[in-house]
Amino acid sequence: MDIGIAERPCQGETVCGDTHLVIAGEVTLVAMADGLGHGPQAREAALAFNKHVEEHAHESLEDILRGASSAISKTRGVAAALMRIDQRAMTMSFAGVGNIDMYAVSRERIRPVSIPGIVGSRIRKVRQFDYDLAVGDLLLLHSDGISSRLILEDFRKLPVQEMADEILLQHGKYHDDATCLVIRI
Ligand SMILES: [Mn+2]
């Protein structure tokens with residue numbers, strides 16, 4: 001499994017309000033969070049989310065998101081998505097709240113949707129999506145600082161780090177923090 005990650009802060013900010021986390025193993029947990037707004041307080045919310053994920057990584061995706069929502073309720077809150085990849089079973093699960101988007105170029109159609117809401121305020125029932133993976137599948141997770149007009153197919157031939165860098169360069173919005181994470185199975 002190869003992972004490429006690119007991120008940068010909103011123009012005029014020195015810290016990025018988006019964060020990502022990869023807890024790698026036979027089962028890998030990937031998290032991305034976008035703190036509301038931008039700047040230090042957005043980052044603080046996103047880091048608080050990451051901390052909760054690290055400490056509860058063994059829980060179901062729904063439980064992690066629900067628990068995080070209580071744990072970070074004193075922060076601004078975040079949009080967040082979790083992806084759990086099991087390389088032995090060749091499966092992937094996804095759950096998200098708010099504007100973190102996921103696309104794939106894959107054998108099975110993979111197009112999960114996040115529920116609306118903010119992790120850190122009250123969230124509705126989280127929906128988990130489960131998929132089978134195939135070797136070569138390409139998975140993309142990005143914050144809303146990346147334009148949703150991007151077509152992942154256009155980048156698929158690139159090595160994953162170049163892919164993440166190129167997507168950020170071509171589709172990053174200057175007025176928002178932007179993060180792009182690409183995984184090739
Ligand atoms: Mn954003």
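The values are calculated or read from the model by the stated rules, or taken from the named source; none is laboratory data. Just so you know, these numbers come straight off a predicted model, no measurement behind them. Counting neighbours? That spans all protein chains shown, and the Cβs are built from the backbone with ideal geometry, glycine included.
With the requirement that a residue be in contact with a strand residue (DSSP E or B) (Cβ under 8 Å, 6 or more places away or on another chain), among the hydroxyl-bearing types (Ser, Thr, Tyr) and loosely packed, with under 14 Cβ neighbours inside 10 Å, what does the range 148-185 give you?
Within the range 148-185, just Ser148 meets the criteria.
Across the range 114-143, what is the number of residues that are within 18 Å of the chain's Cα centre (by Cα), more than 15 Å from the ligand (Cβ to nearest atom) and part of a strand (DSSP E or B)?
Summing the residues that are within 18 Å of the chain's Cα centre (by Cα), more than 15 Å from the ligand (Cβ to nearest atom) and part of a strand (DSSP E or B) in the range 114-143 gives 7.
Which of the residues belonging to the range 1-60 are within 21 Å of Asp101 (Cα to Cα), assigned to a strand (DSSP E or B), away from the ligand (no atom under 12 Å from the Cβ) and β-branched (Val, Ile, Thr)?
Hits for the range 1-60 are Ile3, Ile5, Val22, Ile23, Thr28, Val30.
Can you name every residue in the range 145-166 that is outside any loop (DSSP other than H, G, I, E, B) and under 14 Å from Asp101 (Cα atoms)? First the steps, then the outcome.
In the first step, residues of the range 145-166 are kept if they are outside any loop (DSSP other than H, G, I, E, B); the result is 146, 152-155, 160-166.
Once the filter is applied, which keeps residues that are outside any loop (DSSP other than H, G, I, E, B) and under 14 Å from Asp101 (Cα atoms), the range 145-166 yields Ile146, Leu152.
Taking into account only those residues within the range 22-38 that are of a type outside the set (A, V, I, L, M, F, W, C) and closer than 18 Å to Ala6 by Cα, which is nearest to the chain's Cα centre (by Cα)?
Step one: of the range 22-38, the residues of a type outside the set (A, V, I, L, M, F, W, C) are 25-26, 28, 34-35, 37-38.
Then drop every residue that is not closer than 18 Å to Ala6 by Cα, which leaves 34-35, 38.
Values: Asp34: 9, Gly35: 12, His38: 17 Å.
The residue in question is Asp34.
Taking into account only those residues within the range 89-106 that are touching a strand residue (DSSP E or B) at 6+ places or on another chain (Cβ under 8 Å) and not in a strand (DSSP E or B), which is nearest to the ligand (Cβ to nearest atom)? Lay out the reasoning, then the answer.
From the range 89-106, those touching a strand residue (DSSP E or B) at 6+ places or on another chain (Cβ under 8 Å) are 90-106; that's our starting set.
Next, from what is left, pick out any that are not in a strand (DSSP E or B): 90, 98-99, 106.
Numbers: Met90: 32, Gly98: 9, Asn99: 7, Ser106: 25 Å.
Step by step, filter the range 89-106, then rank; the result is Asn99.
Check Met83, Met92 and return the single one that is at pLDDT 95 or above and in contact with a helix residue (DSSP H, G or I) (Cβ under 9 Å, 6 or more places away or on another chain). It would help to see each step written out before you state the result.
Working: Met92 fails: in contact with a helix residue (DSSP H, G or I) (Cβ under 9 Å, 6 or more places away or on another chain).
From the options Met83, Met92, the qualifying one is Met83.
Could you check the range 135-144 and list, in sequence order, the residues that are under 15 Å from Tyr103 (Cα atoms) and of a type in the set (A, V, I, L, M)? Lay out the reasoning, then the answer.
Our first condition is that a residue be under 15 Å from Tyr103 (Cα atoms); within the range 135-144, this holds for 136-144.
If the condition is that a residue be under 15 Å from Tyr103 (Cα atoms) and of a type in the set (A, V, I, L, M), then Leu138, Leu139, Leu140, Leu141 are the ones that fit.
Working only within the range 62-80, note down all residues that are farther than 19 Å from Asp18 by Cα and either exposed (fewer than 14 other Cβ atoms within 10 Å of the Cβ) or touching a helix residue (DSSP H, G or I) at 6+ places or on another chain (Cβ under 7 Å) (or both).
Initially, the range 62-80 is screened for residues farther than 19 Å from Asp18 by Cα, giving 62-63, 66-67, 70.
Answer for the range 62-80, where residues must be farther than 19 Å from Asp18 by Cα and either exposed (fewer than 14 other Cβ atoms within 10 Å of the Cβ) or touching a helix residue (DSSP H, G or I) at 6+ places or on another chain (Cβ under 7 Å) (or both): Asp63, Gly67, Ser70.
Considering only the range 144-185, state which residues are of a type in the set (S, T, N, Q) and within 16 Å of the ligand (Cβ to nearest atom).
Matches in the range 144-185: Ser147, Ser148, Thr179.
If you take the residues of the range 135-147 that are of a type in the set (Gly, Ala, Ser) and surrounded by 13 or more Cβ atoms within 10 Å (Cβ to Cβ), which of them is nearest to Asp2 (Cα to Cα)?
Within the range 135-147, the first condition is being of a type in the set (Gly, Ala, Ser), and the residues that meet it are 136, 143, 145, 147.
Adding the requirement that they be surrounded by 13 or more Cβ atoms within 10 Å (Cβ to Cβ) leaves 143, 145, 147.
Details: Ser143: 20, Gly145: 23, Ser147: 23 Å.
Ranking the qualifying residues of the range 135-147, first place goes to Ser143.
In the range 11-42, how many residues are farther than 18 Å from Leu61 by Cβ, surrounded by 21 or more Cβ atoms within 10 Å (Cβ to Cβ) and at pLDDT 95 or above? Before you say what the answer is, go through the steps one by one.
Of the range 11-42, the ones farther than 18 Å from Leu61 by Cβ are 11-18, 35-42.
Right, trim to surrounded by 21 or more Cβ atoms within 10 Å (Cβ to Cβ) and you get 16-18, 35, 38, 42.
Subset that is at pLDDT 95 or above: 16-18, 35, 42.
Summing the residues that are farther than 18 Å from Leu61 by Cβ, surrounded by 21 or more Cβ atoms within 10 Å (Cβ to Cβ) and at pLDDT 95 or above in the range 11-42 gives 5.
Considering Ile183, Ile167, Ile151, Ile146, which residue is hydrophobic (A, V, I, L, M, F, W, C) and without any contact (Cβ under 8 Å) to a residue 12 or more places away in the chain?
Working: Ile183 fails: without any contact (Cβ under 8 Å) to a residue 12 or more places away in the chain; Ile167 fails: without any contact (Cβ under 8 Å) to a residue 12 or more places away in the chain; Ile146 fails: without any contact (Cβ under 8 Å) to a residue 12 or more places away in the chain.
Of Ile183, Ile167, Ile151, Ile146, the one residue that is hydrophobic (A, V, I, L, M, F, W, C) and without any contact (Cβ under 8 Å) to a residue 12 or more places away in the chain is Ile151.
Which residues, counting only those in the range 61-88, are within 16 Å of the ligand (Cβ to nearest atom) and not hydrophobic (A, V, I, L, M, F, W, C)?
Answer for the range 61-88, where residues must be within 16 Å of the ligand (Cβ to nearest atom) and not hydrophobic (A, V, I, L, M, F, W, C): Thr75, Arg76, Gly77.
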